[in-house]
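The next block holds one structure in the form of structure tokens; read it before the comments.
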Amino acid sequence: MRDLHLLCGRTSSNTNVTRRLFVFAAGLLLGTSAITLPVAAANVADLHTMHAKGSTVAVDHAAWDNLLKMYVVPGADGVNRVRYAKFKADGHAALKAYVAALEKVDVATLDRPEQFAFWANLYNAKTIDVVLDKYPVKSIKDISLGGGLLTLVTGGPWKAKLVKVKGQDLSLDDIEHGILRPGFKDPRVHYAVNCASFGCPNLATEAFTGARLEAQLDAGAQAYINHSRGVKLDGGKVTASSIYNWFQADFGGNEAGVLAHMRKYAGPALKPKLDAATAIADYDYDWSLNEVK
């Protein structure tokens, strides 16, 4: 999911020299002068362009919705965690059946909001499925399912082809970076897809639906930005989630754009502090599994 942006460090803006060197070395290993490689084959792009405007076709996400309600636990600290052990024991078969059902959906018959809900739910369900297949693990980055040299460097399951939709073998990277981000050009994509980590925006306790999508995406943005995982201030200095560094282009292309995006969703306690901020001092991210027993 995040690997190209993570090759050269994840937690501090003070490691820029090391990060540049690592990017250069990775480029040499890959035999390319450009480290920003396309993550999706050309035919994957077709999946984000085809749609049926005005379609009333809706995908049934009830099975996923039920699983989320059973195994995702909202914490008093504002973090949603997953009961992975219980999920694996009692709900894994139902999860696999849901993913298999999604693979049979003809996404070309869906309108745009329904498509977004489809791809976000598929991404999240398959991510949980991957974790459950290998559970117990301490981090999703400890799971490697192949996907080439880059996976050996970064870890994680994001480049392996894991699902098939309309005859196309897709990785999690294909869904996020080849379909959702370029297809919808909405920064709230980053609050919708979940990487099974503490630092990630919450995995919601309900499935995305086309009918409720706007409210659900706004709720995800508000929950993350107003939590210390997303934004925290200490003495006027802003530390933000590394998501806003890795994907700065999606949030306006510079720190001013990121701060403007944050202010849009900031609550009354945070917004005055952000109004006074002019830069982001540091970035941070926690890859530990978002687990509760």
- Message: Cut-off under 19 Å on the C-alpha distance; same-chain residues fewer than 8 positions from K86 excluded. Which lysines are left, in chain and number order?
- Response: K69, K96, K126, K134, K138, K293
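Taking the Cβ-Cβ separation of A281 and K161 as r and a Förster radius of 41 Å, what is the calculated FRET efficiency to the nearest 0.05?
0.55
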- Expressed as a whole-number percentage, the relative contact order of the stretch 208-293 with C-alpha contacts under 8 angstrom and at least six residues apart is 32 percent
- Item | Full-extension gain in nm, D111 to Q222, via 0.36 nm per residue minus C-alpha separation | 37.4 nm
- Query: Which cross-chain or sequence-distant (5 or more) residues have an amide H under 5 Å from the amide H of S288, H modelled 1.01 Å from N in plane?
  - Reply: F198, G199
- Note on the structure: Residue span A45 to A76: 0.36 nm per residue of separation minus Cα-Cα distance leaves a gain in nm of 7.1 nm
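Taking the convex hull of the alpha carbon atoms in the stretch 47-116, what volume per residue do you get, in Å³? It would help to have the intermediate numbers written out before the result.
Numbers: hull volume 7.9 nm³, N = 70.
About 113 Å³ per residue, rounded to a whole number.
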- Task: Find the Rg to Rh ratio for the stretch 116-255, where Rh is the Kirkwood radius over alpha-carbon pairs and Rg uses the same atoms.
- Result: 0.96
- Query: Going by average Cβ neighbours within 10 Å, how do the peptides 81-90, 240-249 rank, with the highest at the top?
  - Reply: 240-249, 81-90
- When you count, for each residue, the other Cβ atoms within 10 Å and take the mean per peptide, how do 168-178, 47-57 rank with the highest first? 168-178, 47-57
- Query: Spin-label point model (7 Å from Cα, Cβ direction): what's the L233 to A52 distance in nm?
  - Reply: 4.9 nm
- Kirkwood hydrodynamic radius of the stretch 162-228 from all distinct Cα pairs, in Å? 13.1 Å
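Read the figures in this text as sums done on the coordinates, not as results from a lab. As the structure is a computational prediction, the values presented were derived from the model and not from experiment. All Cβ positions, even for glycine, are placed from backbone atoms using ideal geometry, and neighbour counts span all protein chains on display.
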